[in-house]
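A short worksheet on the structure shown next.
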Amino acid sequence: MPNSPSDRSAAPRRVTVQRKGPLLMEGPVQVELEDGSVVTSDRFRVALCTCRRSRRYPWCDTSHRDRA
């Protein structure tokens, strides 16, 4: 698996933290959920939901935004 913890030659992934938004992470990524299941995305950047309001959790669907 590329970029595994044992692959020290791989460049670190960048994660961008936003105050009222998702975690933006350079992809591709594998995310292990609380139940042990794993979801993957091969996109170059993914938005990980931190508010748990997303219908597509763990992916952000902008449900955290205040609606006018």
Seminar exercise, completed: For segment 22-27, in residue order, the Karplus 3J(HN,Hα) values (coefficients 6.51, -1.76, 1.60; θ = phi - 60°; whole Hz; Gly and Pro = x) are x, 7, 9, 10, 5, x
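Using the Cβ atoms and a cut-off under 12 Å, what net charge is assigned to the surroundings of L24, where Lys and Arg are +1 and Asp and Glu are -1? Before the final figure, lay out the partial values.
On the way: positive: R13, R14, R43, R45; negative: E26.
Charge balance near L24 sits at +3.
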For this session: Can you pull the one-decimal nm distance between simple spin-label points at R13 and D66, each 7 Å off the Cα toward Cβ?
Result: 3.1 nm
Problem set entry | Neighbourhood charge, 15 Å Cβ-Cβ cut-off, centred on D42 and excluding it, Lys, Arg +1 and Asp, Glu -1 | +2
Problem set entry | About the Cα centre, charge dipole magnitude for segment 20-68 (Lys/Arg +1, Asp/Glu -1 at Cβ), debye | 380 debye
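Using 0.36 nm times the number of residues separating E26 and R52, minus their current alpha carbon distance, what extension gain do you get? Mind dumping the intermediate values first?
Values: separation 26, 0.36 × 26 = 9.36 nm, distance 2.03 nm.
Here the segment from E26 to R52 would lengthen by 7.3 nm.
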Seminar exercise, completed: Residues meeting the amide H criterion for T50 (H placed from the backbone, H to H distance under 5 Å, 5 or more places apart or on another chain) are L23
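Laboratory data are not the source of any read-out in this text; all were calculated from the coordinates shown. Given the structure is predicted, the values throughout are model-derived calculations rather than measurements. Cβ sites come from the backbone with ideal geometry, for glycine too, and all protein chains shown count toward neighbours.
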